[in-house]
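Presented below is the structure to which this report refers.
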Amino acid sequence: MNKTFLRLSGIVALTALAQGARSELKWEQTSVDLKPALGDKQAVAHFKYENVGNTPVHFKSVHASCGCTTAQTQNEQVAPGQKGEITATFNIGGRTGIQVKTVTVQTDDPDPAHATTVLTLKAAITPLLEIQPALVYWQNGEEPKPKIITAKANKDAAIKKLDVTSSTSDFTAKVDAGSAPNEFKINVQPRDTTKAVYATLTIKPDSPSTANVFSAAARVMPPPPTTKSTLSTIRHDLATPAATAASPSQ
Amino acid sequence: MKVSAVRQALLLIVLALVPAIGEAIYFRNKVSWQSPVPGSELVTVVQARSWGDNVIWVDARPDNEFERDHIPGAILLNEDSWNELLPQFLGQWSPEKRVVVYCSAQSCNASREVAKRLRDEAQLKNVFVLDGGWEGWLKLNR
């Protein structure tokens, strides 16, 4: 070993020692996996920390990766030895599947590697009802045969019945049991396909665990474009539900 | 002397590799900022604008950002209020038109998620994601 190597090794060792002696926030965990219950509106993660150094740490910013997540600190300053937590609240909204949201925390730690911490909240959101397709439509003048929307209920939700309501009387909706135990077939049929009509189908499961309501849409498309705006001919009356269908109990 | 320096450099690289490998293993599930989008689903502002009136713009940003400003004629459809907004969008959708979804910027993911759900749940075709998002559109239009 020559002098150059010894010097380099010394620099590496001193750097490591300097980093070890510096005050910093020690996080209990920087990643949290959550499994919200069916119908939950929010998922909340708690990220606990402790100042393991001997000087206070200040939070400079706490920034969530999307508008659907908020993050709150208990204190702006963390004294040596003090513990605390950052609470991240994820508003689920209409999201489903695996959702990964991050919260970036910046402190006044002079070392950039320690000054920024990314906290990760992972939530597995199981939908109560999977509806496919969310839209059935007929071309103008097409034969008004029924089209099927499949609604697959979550096994844990114990859904035995679906109520489907059309927002206009231009469509009828009838619910039948599907091929699987938790499946429903919604038969949607227009009364007439010679005029452009639109209806929202409100799908209400009889689940005891949630009062969630789902939607699909049915349309008869306008005739091929002419000089007049076709969108204006679409009748859309959400306020007066006209046709209601209820599924047979399973 | 030269050989010795190379050997020492290699030794230091190996020493640095040990914690690097450890970090790579520890953070193997680290979030990627963007889910991969096939090139065929991405569309530039210039391309989308060249489609003229045959485009339905979909704004996947939160309500307040949409209310502040949006691409003229855009329809609000975000996952915060998916069940409420989807039927409104479907009432204005047209099979002849292309759907272009955008969110705030290049780094946001909401447009990709909304585009995917429109393809999967509503089974719509011709759904694209705007490269650069709202910021990209602003750069070329303001």
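What the table below lists for this structure:
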{"quantity": "DSSP-defined antiparallel bridges as percent of all bridges, segment A:23-125, nearest 5", "calculated": "90 percent"}
{"quantity": "From phi via Karplus (6.51, -1.76, 1.60), per-residue ³J(HN,Hα) for segment B:45-53 in Hz, x at Gly/Pro", "calculated": "4, 4, 4, 4, 5, 5, 7, x, 7"}
{"quantity": "For A:Thr107, A:Thr193, order by how many other beta-carbon atoms lie within 10 Å, fewest first", "calculated": "A:Thr193, A:Thr107"}
{"quantity": "Over 19 Å (Cα to Cα) - which of A:Lys26/A:Lys83; A:Lys160/B:Lys116; A:Lys101/A:Lys155; A:Lys48/A:Lys83 fall in this group", "calculated": "A:Lys160/B:Lys116; A:Lys101/A:Lys155"}
{"quantity": "Pairwise FRET efficiency - A:Thr104 versus B:Arg142, Cβ, R0 = 22 Å, nearest 0.05", "calculated": "0.20"}
{"quantity": "Ranking of B:Asp69, A:Asp192, B:Asp59, A:Asp163 by count of other Cβ atoms within 10 Å, fewest first", "calculated": "A:Asp192, B:Asp69, A:Asp163, B:Asp59"}
{"quantity": "Label point distance in nm, A:Lys147-B:Glu67, each placed 7 Å from Cα along Cα→Cβ", "calculated": "3.4 nm"}
{"quantity": "Fewest-first ranking of B:Val3, A:Val105, A:Val220, B:Val58, using other Cβ atoms within 10 Å as the exposure measure", "calculated": "B:Val3, A:Val105, A:Val220, B:Val58"}
{"quantity": "Under 16 Å from A:Lys147, Cα to Cα: lysines that are on another chain or at least 8 residues apart", "calculated": "A:Lys174, A:Lys185"}
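Each reported figure results from applying straightforward, stated rules to the coordinates on display, with no laboratory input. Fair warning: this is a prediction, and the values are worked out from it, not measured in the lab. Reconstructed Cβ throughout: ideal geometry from the backbone, glycine too, with neighbour counts over all protein chains shown.
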